[in-house]
Amino acid sequence: MVAKKYLIHAFAGALLLALGSLPLTQGGGQALAASPSSEKNGEAQFNENCAVCHQADAIGEPGVAPSLTNQEFLGIASDKFLMATIRDGREDTAMAPFAHLGRQNVRDIVDYLRSHAMEQNRAVEVDAQPDAHGDPRLGEQWYNNICSTCHGVAGDGYFAGGTGTAIGLPGFLDKASDGFIRETIKVGRSSTRMLPFQGPTALANLSDQEIDDIIVYLRGLGQSQEED
Ligand code: HEC
Ligand code: HEC
């Protein structure tokens, strides 16, 4: 009887999975309200698979794994970005692919991470920002002067010895929009070593054009490594 009941549940689950190809997000960014049970499963999945690097409550650890509950990060990361990053991992970094967990578990982990967000998600607006245009040679100079100490000379991240992630590798660049990169550089990520680079309190007050120059340079790094 119990087994039969389970089968019925499994069947309903399969139906839901089939329906799962329907969009789970609106406009590519805004998550629908998560059910408490999916959040709970997401938390359990997170603790089992991710906390070893991303730490309890996903607060991150410099040089080990970034914070996933940082407000500026959650505020601009779309569900698509989060799900695809978790599914595919980031090649040539310690972030492994987790496709084997299955779509629903990954979905639940994203719901769990989102439950830490205190502000409205801006991913739709941020991802719709225009592409960066600029001079990669100027971007390279800025990058080498300000960013490379943390992110590595070729943007290869922790393996270069710093605390910044691998922002010059395709694993990041292929999934991040120019708007996502631009916003991160402008506002930084509070309570991490990623400071804001625009405004009076910034480490270096970069202009919009200078930030775009850096993005164009980073895009070039990602491409040349892909062609190798
Ligand atoms: C003092 C160290 C430091 C400097 C300098 C620095 N960053 Fe960062 N950056 C970080 C850290 C640390 C993170 C990830 C935050 C975390 O660990 O939670 C990060 C994250 C990022 C991200 C998001 C990457 C991702 O994986 O989502 C981008 C984009 C970025 N930085 C760009 C830059 C650029 C461009 C510069 C130079 C203008 C720069 N950073 C300078 C430390 C730094
Ligand atoms: C072995 C350590 C490790 C484990 C386990 C791990 N990660 Fe990561 N994760 C990393 C590292 C390192 C990065 C940054 C890679 C880089 O340099 O770009 C990362 C990056 C990420 C990012 C992108 C964050 C950003 O700032 O853009 C997400 C999302 C993420 N991980 C989710 C997860 C989830 C969810 C799990 C569990 C299913 C997980 N990770 C398990 C090490 C790990």
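Read-outs throughout are calculated quantities, based only on the coordinates presented, and are distinct from any laboratory measurement. Given the structure is predicted, the values throughout are model-derived calculations rather than measurements. A quick note on method: Cβ atoms are made from the backbone with ideal geometry, for glycine too, and the neighbour counts reach across all protein chains shown.
Here are some notes:
- Taking Ser37, Ser148 and counting other C-beta atoms within 10 Å, the order from fewest to most: Ser37, Ser148
- Coupling constants for the stretch 124-134 follow from the phi torsions by the Karplus curve (6.51 cos²θ - 1.76 cosθ + 1.60, θ = phi - 60°), and in residue order they are 4, 5, 5, 5, 8, 4, x, 5, 6, 10, x Hz; glycine and proline get x.
- Net +/- balance of residues flanking Pro36 in space, Cβ distance below 12 Å, scoring K and R +1, D and E -1: -3
- In sequence order, the stretch 105-122 has phi-based couplings of 5, 5, 4, 5, 4, 4, 4, 4, 4, 4, 5, 8, 6, 9, 10, 4, 6, 10 Hz under the Karplus curve 6.51 cos²θ - 1.76 cosθ + 1.60, θ = phi - 60°, and Gly or Pro positions carry x.
- Spatial separation of Cα centroids for the stretch 100-116 and the stretch 138-156, in angstrom: 33 Å
- The stretch 53-105, relative contact order in percent, only Cα pairs under 8 angstrom and at least six apart counted: 18 percent
- Sorting 61-67, 155-161, 214-220, 97-103 by average packing, meaning the other beta carbons within 10 Å per residue, from highest down gives 214-220, 155-161, 61-67, 97-103.
- Residues Phe172, Phe180, arranged from fewest to most other Cβ atoms within 10 angstrom of their Cβ, appear as Phe180, Phe172.
- Once backbone amide H atoms are built at 1.01 Å from N, Gly164 has His151 as its partners under 5 Å, excluding neighbours fewer than 5 places away on the same chain.
- When Cys53, Cys147 are sorted by how many other C-beta atoms sit within 10 angstrom of their C-beta, beginning with the fewest, the order is Cys53, Cys147.
- Linear extension gain, Ala44 paired with Arg103, 0.36 nm per residue minus alpha-carbon span: 19.7 nm
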